Structure formats: structure tokens, C-alpha cells
Amino acid sequence: MYTESEAAFQAPRRRTEQIFEYNHTPPSETEKRRSLLVAILGSVGERTVLLPPFHAGFGSNVHIGDDFFGNVNLTFVDDVDIRIGNGVMIAPSVTLTTTGHPVHPSRRADFGRFSEPIVIEDKVWIGSNAVVLPGVRIGYGSVIGAGSVVSRDVPPMTVALGTPCRVIRSITDEDLATRAAGH
């Protein structure tokens, strides 16, 4: 647990001006976008696509691997690290939040909160409007269904969905011949 006053020393790590500039850079200026992304994020891999607008509390606590695709309205609440592996795809309007607030109102004085890192392993696909909560690890190759609220770890090579998000099945070689889960 920590408060806004206790976290004030982190203010210089916020990249709000650069995020604003990135979100307003014309699509044709790919080199400028790449340079801004490198300045904003803690680390960024090769062949990264992050469609604007995106939002981040800091930006500097986000680490993205190679071959990443992030669709519009991706939100990073990155008070601590968000680590995203290689080959990850994230659909529109997804929120990755490392920070939550205590239930009891007296513990929320001065914006009391807690933060735990998020890890998204390689080749994960997260569907539209999903929310990933503090401390979650999503395992290699997994698929998170649209609209899910992910409050606990998801094992590798599984399809998980719902509110709360739960594993519904494993991903198998049979999925090589289908278009989507369950079809």
C-alpha cells in the first residue's frame, strides 16, 4: 500500500507530453512514431505497431517485445512494470492495470493504492474490451476472450473468457483447422 504523496517522486518518469505527441502524429510519419515510442516506453521491440490513441500513466514502465500489435484505445495503468512478450496481439479498448485500491474507504485517503506487475507471455491474443488486473500473468499462446476481466493467472495455451475470466479449454492442434474458438 502507498499513497499519492508517497508516489510523488515518480512524477519525472511520466511521459504524458510524448504520449500526447504520439497520439497526434500523422500515420505517414512512421519514423517519428517509432522514435516517440522508443522515448515513451521502458523498452520496445522490433516491428511494433501501436495504433493511436493509446494511454499510459507513465509509459516508462511498459516493456514490449518484437512483433507486437496493439489496436486503438489500449490503456496501460503502469505504476509498476507491464511486460509484454513477442508476437502479442491486443484488440481495441483493452486496459492493463497494475494498480488497484483497497476496499475500505479509510485506506483510500490520499488515493491509497497497491500495485503489482503484469506479465503477458509470448504469442498471447487479448480480445476487445478485456481488462487485466494487477499481478496477473497470461501464459504463452493463450487467448483472452473479448470483454473478459482477468483477475488471476491464465495458464499457457488455453482459451479463457468471462467475468471473472476463467479457462474454458486448452488450445490443441485441432485449432489449426478452425477459424475461432469453438468453431
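The values are calculated or read from the model by the stated rules, or taken from the named source; none is laboratory data. Note that the structure is predicted; figures quoted are calculated from it, not measured. Every residue, glycine among them, receives a Cβ derived from its backbone with ideal geometry; neighbour counts consider all protein chains shown. Please note that ligands, DNA and RNA were not included when accessible areas were found on the heavy atoms of the full protein model with its side chains. Shrake-Rupley method; radii C 1.70, N 1.55, O 1.52, S 1.80 Å.
Averaged per residue, what accessible area in Å² does the range 1-121 show with a 1.4 Å probe, protein chains only? Spell out each step's value before the answer.
Numbers: 6040 Å² over 121 residues.
Per-residue accessible area for the range 1-121 comes out at 50 Å².
If you plug each phi of the range 94-111 into the Karplus form 6.51 cos²θ - 1.76 cosθ + 1.60 with θ = phi - 60°, what whole-Hz ³J(HN,Hα) values come out, in order, with x for Gly and Pro?
Couplings: 8, 10, 10, 10, 7, 10, x, 10, x, 6, 6, x, 5, 7, 9, 4, 6, 6 Hz.
Order of 24-31, 166-173, 129-136 by packing, highest average Cβ count within 10 Å first?
Going from most to least packed, we get 129-136, 166-173, 24-31.
Would you mind pulling out the separation of the Cα centroids of the range 85-137 and the range 10-48, in Å?
21 Å
Which percent of the accessible heavy-atom area of the chain goes to carbon and sulfur, probe 1.4 angstrom?
On the way: 5430 of 9520 Å².
Using a 1.4 Å probe with all protein chains present, the chain comes out at 57 percent carbon and sulfur.
Charges only on Cβ, +1 for Lys and Arg, -1 for Asp and Glu: so what's the dipole of the chain about the Cα centre, in debye to the nearest 20? All intermediate terms of the calculation are to be shown ahead of the outcome.
On the way: 17 positive and 20 negative charges, 69 e Å.
The dipole of the chain has a size of about 340 debye.
Compute the relative contact order of the chain as a whole-number percentage, counting only Cα pairs closer than 8 Å that sit 6 or more residues apart in sequence.
Values: 474 pairs, mean separation 24.6, N = 183.
So the answer I get is 13 percent.
What distance in nm lies between label points placed 7 Å from Cα along the C-beta direction at Ser170 and Ala39?
4.8 nm
Charges on Cβ only, +1 for Lys and Arg, -1 for Asp and Glu, centred on the Cα centroid of the chain; of Ser93, Pro26, Val80, which one is farthest towards the dipole's positive end?
Checking the options against the dipole of the chain, the answer is Ser93.
Can you show me the helix-derived [θ] at 222 nm for the chain, built from DSSP H runs with n ≥ 4 at -39,500 (n - 2.57) apiece and divided by the number of residues, rounded to the nearest 500.
-3500 deg cm²/dmol
Could you tell me what percent of the DSSP beta bridges with both partners in the chain are antiparallel, to the nearest 5?
20 percent
Springs between alpha-carbon pairs under 10 angstrom, Gaussian network model over the chain: which of His101, His63, His55 fluctuates most?
His101
What is the spin-label model distance, in nm, from Ala109 to Val49 if the labels are put 7 Å beyond Cα along the C-beta direction?
Here the modelled spin labels are 5.0 nm apart.
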